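K.L.:
Quick one: structure below, then a few questions.
The values are calculated or read from the model by the stated rules, or taken from the named source; none is laboratory data. Because the structure is a prediction, the values reported are computed rather than measured. Cβ placement follows ideal geometry from the backbone for every residue including glycine, while neighbour counts extend to all protein chains displayed. Note: areas computed on protein heavy atoms with side chains; ligands, DNA, RNA excluded. Shrake-Rupley method; radii C 1.70, N 1.55, O 1.52, S 1.80 Å.
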Amino acid sequence: MKNIKPFRLRNHSGFSIRSDDFLGQHVVFCCITLGAFASGSNQLTELVSRLGSRNVRVVVITQGGLGANQDFSMRIGGSIDVLLDDDGTVSQMLRSVCGRDRVDCQAFLAVLGPMGQLVKWLDAGDLKGGLEALNHYFLAKRLIGDRVPDVPLQQLEDGKVLTRSFGEWFAKKRVVVFGVPGAFTPVCNLEHLPGYTAAAGQMHARGVDQVVCIAVNDAYVMDAWARATKTPSTVAMLADGSGRFTRAMGLSLDLRGAGLGMRSCRYAMLVEGGVIIHMNVETGFDVSVSGAAPMLQLLNH
Ligand code: BEZ
């Protein structure tokens, strides 16, 4: 989490708005090019109102000119501030704090927490895709800056089930945690877990004490999965058999229709001393933001 230099910009009505005006709630600053306006305005309004119902404010920053900003604001029903960043200084500052100043993308989203600190950022092809991704992130009950729930998780050790709370397993440790929908399911088995097994050494070299895989499966299944995949002890395979940890995180995934019951979303987080430093939640089944590569990139930053 990093601090952002305070700034002041004019909104679509010409009023001066200070970054401090947004303190007290999460705010998504969307730095976009005019091309990103192409997304359907109804969908945008819907995504913005879903975020609003979770007390997340959305603010667009453009270099389009006051007239273009007024048009855009009207098109999306006046529900978001559209700020004019004439010379791009603020967009550039936000991108640079995130280490993304050399990346060319239509929409760059920076999320500030209630105290004004930068908690998350993402490059998106369009504004709609970026807001969709953030809607998934904000579904979680625990967000960046919050403590991980200190509830029991299990692991099989020498044939015995060990039960310890998250804090007991990892007190004062720096850990990368990834959650998967199921042991042995194809994508988890062939892509998600192997990615972390391969990256565990590099993560340790970057100061991570332990890589942890958590699934809503029992400790016997997690152990069998670790043995079947020859997963090294650098990746701890923890069982959340009752789903209590996953529910407390707010990351349950309803797979009852597919015959798997209530499972876990795919997600990844960096946790230091029990506090969530970074978290990515997938919008679909595939491994993208929750994979080992983006977490390694984060550790490199
Ligand atoms: C998977 O391939 O990892 C998967 C398949 C079905 C449900 C959940 C996960």
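K.L.:
I'm trying to understand the selection: among the residues of region 156-182, which are more than 16 Å from the ligand (Cβ to nearest atom) and touching a helix residue (DSSP H, G or I) at 6+ places or on another chain (Cβ under 6 Å)?
P.N.:
Pass one, region 156-182, residues more than 16 Å from the ligand (Cβ to nearest atom): 156-177.
Correct list: Leu156, Val161, Val176.
K.L.:
Any idea which of Ala268, Ala239 is farther than 30 Å from Leu112 by Cβ and either in contact with a helix residue (DSSP H, G or I) (Cβ under 6 Å, 6 or more places away or on another chain) or in contact (Cβ under 8 Å) with a residue 12 or more places away in the chain (or both)?
P.N.:
On the way: Ala268 fails: farther than 30 Å from Leu112 by Cβ.
Answer to the check: Ala239.
K.L.:
Would you please name the residue that is nearest to the ligand (Cβ to nearest atom), looking only at residues in region 271-280 that are within 27 Å of Ser96 (Cβ to Cβ) and open to solvent by 10 Å² or more (accessible area, probe 1.4 Å)? Walk me through how you get there before you give the answer.
P.N.:
Taking region 271-280 as the starting set, the residues that turn out to be within 27 Å of Ser96 (Cβ to Cβ) are 271-272, 275-280.
Of the ones still in play, those that are also open to solvent by 10 Å² or more (accessible area, probe 1.4 Å) are 272, 275, 277-278, 280.
Working: Glu272: 28, Val275: 29, Ile277: 26, His278: 23, Asn280: 17 Å.
Only one residue tops the list, namely Asn280.
K.L.:
Tally time: how many residues in region 183-215 are within 20 Å of the chain's Cα centre (by Cα) and either within 20 Å of Phe245 (Cβ to Cβ) or within 16 Å of the ligand (Cβ to nearest atom) (or both)?
P.N.:
Matching residues across region 183-215 total 14.
Here's the yes/no breakdown for (1) free of Cβ contacts under 8 Å to residues at least 40 places away in the same chain; (2) over 30 Å from Asp218 (Cβ atoms); (3) among the aliphatic types (A, V, I, L, M):
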position: Met115; (1), (2), (3): no, yes, yes
position: Gly145; (1), (2), (3): no, yes, no
position: Pro149; (1), (2), (3): no, no, no
position: Leu153; (1), (2), (3): no, no, yes
position: Gly159; (1), (2), (3): yes, no, no
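K.L.:
Which one of these is aliphatic (A, V, I, L, M), in the same structural domain as Thr45 (by TED's automatic domain parsing) and over 22 Å from Ala292 (Cβ atoms): Leu122, Leu127? Let's see the steps before the verdict.
P.N.:
On the way: Leu122 fails: over 22 Å from Ala292 (Cβ atoms).
Answer to the selection: Leu127.
K.L.:
Residues of region 276-301 being touching a residue at least 60 places away in the same chain (Cβ under 8 Å) and of a type in the set (Ser, Thr, Tyr), which ones?
P.N.:
Thr283, Ser290
K.L.:
For region 124-149, how many residues are more than 12 Å from Val281 (Cα to Cα) and surrounded by 16 or more Cβ atoms within 10 Å (Cβ to Cβ)?
P.N.:
10
K.L.:
Right, next: For Val221, only one of the following conditions fails: (1) open to solvent by less than 40 Å² (accessible area, probe 1.4 Å); (2) within 16 Å of the ligand (Cβ to nearest atom); (3) among the aliphatic types (A, V, I, L, M). What is its number?
P.N.:
Looking at each condition in turn, Val221 falls short on (1).
K.L.:
Sort out for me the strands (runs of 3 or more DSSP E) sitting completely within region 1-80 that have 2 or more residues that are crowded, with 18+ Cβ neighbours inside 10 Å. Before you say what the answer is, go through the steps one by one.
P.N.:
Working: elements: 8-10, 16-18, 26-32, 56-62.
In region 1-80, the matching strands (runs of 3 or more DSSP E) lie at 26-32, 56-62.
K.L.:
Right, another one. Among Asp209, Asp158, which is open to solvent by 20 Å² or more (accessible area, probe 1.4 Å), modelled with pLDDT under 95 and charged (D, E, K, R)?
P.N.:
Asp158
K.L.:
Here's another thing I want to ask about it. Could you please give the count of residues in region 281-301 that are open to solvent by 40 Å² or more (accessible area, probe 1.4 Å) and more than 17 Å from Val212 (Cα to Cα)?
P.N.:
8
K.L.:
Quick check on region 191-201. Is at least one of its residues surrounded by fewer than 21 Cβ atoms within 10 Å (Cβ to Cβ) and either touching a Leu at 6+ places or on another chain (Cβ under 8 Å) or closer than 17 Å to Val216 by Cβ (or both)?
P.N.:
No, region 191-201 has no match at all.
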